[in-house]
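For reference, the structure is listed below as structure tokens.
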């Protein structure tokens with residue numbers, strides 16, 4: 001067993017034939033994200049999130065999550081980050097990431113409560129979701145007009161797939177990638193959760209002081225949800241492309257904040273749901 005995949009014994013059925021073999025499956029483990037600050041109120045760690053993730057790039061995942069939730073805004077606000085807790089006897093993994101925040105930072109943890117209206121079962125909360133983004137100071141990305149050629153977009157899913165070693169091994173992971181209008185792939189991350197993969201990408205950009213990423217586009221496997229649009233918006237990424245379908249609220253968010261939203265990017269075709277001006281000549 002490695003940190004991200006595990007070999008297991010299986011029975012393989014092929015027609016009437018049954019054979020024993022091994023298969024690799026993606027590891028799924030809980031990650032607890034804790035915050036602490038050496039303020040006058042003490043430095044006890046406070047748990048702010050528990051997510052099921054594929055181990056690897058845990059620091060990027062935690063930083064990306066905290067940034068897109070509006071808890072931290074710059075790398076200099078982070079004093080330290082590290083793994084804590086008891087190690088798993090088999091994998092050696094520690095499933096707690098603790099981030100110490102500069103005591104001068106006003107930790108507005110109430111922002112984490114926004115999750116109550118982002119569930120897919122919520123049928124009346126689209127306006128509340130968009131209002132919450134406005135309240136947190138998110139601005140239109142209309143001024144950022146990088147054009148991404150049609151061929152670059154069409155080729156991107158297969159190119160990203162070649163940089164997914166765990167998917168090739170297990171077939172069970174989502175991917176998120178950022179790339180430039182010149183087609184250069186900057187970062188590719190994998191995880192069992194597409195939101196986690198996106199947080200890992202944004203966390204990596206955060207650590208490298210590359211946010212806001214107005215010159216980059218984000219590709220995600222699976223569908224384009226409101227939450228993924230929100231993460232792209234907070235990171236200043238003006239174009240989100242998804243292999244799957246977008247939700248109605250994702251489309252509304254793209255239009256509200258002048259972003260480009262592409263769906264069903266596969267098999268040489270795609271749909272543009274908003275912001276067609278960022279798609280290069282030859283798209284129409």
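For every residue, the table says whether it meets (1) in contact with a strand residue (DSSP E or B) (Cβ under 9 Å, 6 or more places away or on another chain); (2) surrounded by fewer than 23 Cβ atoms within 10 Å (Cβ to Cβ); (3) in the same structural domain as residue 57 (by TED's automatic domain parsing); (4) in contact (Cβ under 8 Å) with a residue 12 or more places away in the chain.
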site: 184; (1), (2), (3), (4): no, yes, no, no
site: 189; (1), (2), (3), (4): yes, no, no, yes
site: 192; (1), (2), (3), (4): yes, yes, no, yes
site: 204; (1), (2), (3), (4): yes, yes, no, yes
site: 215; (1), (2), (3), (4): yes, yes, no, yes
site: 230; (1), (2), (3), (4): no, no, no, yes
site: 250; (1), (2), (3), (4): yes, no, no, yes
site: 258; (1), (2), (3), (4): yes, yes, no, yes
site: 271; (1), (2), (3), (4): yes, yes, no, no
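Can you spot a residue in segment 74-84 that is modelled with pLDDT under 90, over 16 Å from residue 208 (Cβ atoms) and either out of contact with any strand residue (DSSP E or B) (no Cβ under 6 Å at 6 or more places or on another chain) or not assigned by TED's automatic domain parsing to the domain that holds residue 209 (or both)?
Checked against the condition, which is being modelled with pLDDT under 90, over 16 Å from residue 208 (Cβ atoms) and either out of contact with any strand residue (DSSP E or B) (no Cβ under 6 Å at 6 or more places or on another chain) or not assigned by TED's automatic domain parsing to the domain that holds residue 209 (or both), segment 74-84 yields no hits at all.
Could you grab me the full set of residues in segment 96-110 that are surrounded by 14 or more Cβ atoms within 10 Å (Cβ to Cβ) and either outside the structural domain of residue 80 (by TED's automatic domain parsing) or modelled with pLDDT under 80 (or both)?
Within segment 96-110, 107 is the sole residue that qualifies.
The values are calculated or read from the model by the stated rules, or taken from the named source; none is laboratory data. Keep in mind that this is a model prediction, so the values were computed, not measured. Quick reminder, even Gly has a Cβ in these numbers, built from the backbone with ideal geometry, and neighbours come from all protein chains shown.
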